[in-house]
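Asks: Questions regarding the structure given below will be posed in turn.
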Amino acid sequence: MLASLPRGGCSIITQLRTGHVALRDYLERFGHAESPFCLRCGARETPEHFLVFCACFTCERL
Ligand SMILES: [Zn+2]
């Protein structure tokens, strides 16, 4: 599957799978975000939250 994606798409998927992605939970560890929590709903902004649980992206998931 990854072989058929453009390089940028592969990179983002890899970042999301490893957790090393520009989401607040990761950025906060290095002082690049003030908190690890989602600005939209207040939950910890992890890749799982971003992809599966954040209610703000329900329409995009559908
Ligand atoms: Zn959220």
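Every number in this text was worked out from the coordinates using simple rules, so none of it is lab data. All values derive from a computational prediction rather than experimental measurement. With ideal geometry, Cβ positions are generated from the backbone for all residues, glycine too; neighbour counts draw on all protein chains shown.
Asks: Multiplying the sequence separation of residue 58 and residue 22 by 0.36 nm and subtracting their Cα-Cα distance, what value in nm do you get? Intermediate values should be presented prior to the final figure.
Replies: Working: separation 36, 0.36 × 36 = 12.96 nm, distance 2.01 nm.
Result: 10.9 nm gained on full extension.
Asks: A further question on this structure: Which order do 18, 46 fall in if you start with the one that has the fewest other Cβ atoms within 10 Å? Don't skip to the answer; put the middle values down first.
Replies: On the way: 18 10, 46 20.
In order of increasing Cβ crowding within 10 Å: 18, 46.
Asks: So for the chain, averaging the separation of alpha carbon pairs under 8 Å that are six or more residues apart and normalising by length, what relative contact order in percent results? Could the numbers behind the result be given before it?
Replies: Numbers: 49 pairs, mean separation 13.5, N = 62.
Relative contact order for the chain comes out at 22 percent.
Asks: Given H placed on each backbone N at 1.01 Å, which residues far from residue 45 in sequence or on other chains put an amide H within less than 5 Å of it?
Replies: Distant-sequence amide H within range of residue 45: 25, 37, 38.
Asks: Starting from one equal scatterer on each C-alpha and no solvent at all, send me the Debye-based log10 I(q)/I(0) for the chain at q = 0.12, 0.13, 0.23, 0.27 Å⁻¹, two decimals.
Replies: The Debye formula, applied to the Cα set alone, gives -0.33, -0.39, -0.96, -1.10.
Asks: Can you compute 3J(HN,Hα) from phi for each residue in the range 32-44, using the Karplus curve 6.51 cos²θ - 1.76 cosθ + 1.60 with θ = phi - 60°, rounded to whole Hz and x for Gly and Pro?
Replies: Computed from phi, the couplings for the range 32-44 are 9, 9, 6, 8, x, 9, 4, 6, 8, 10, x, 7, 4 Hz.
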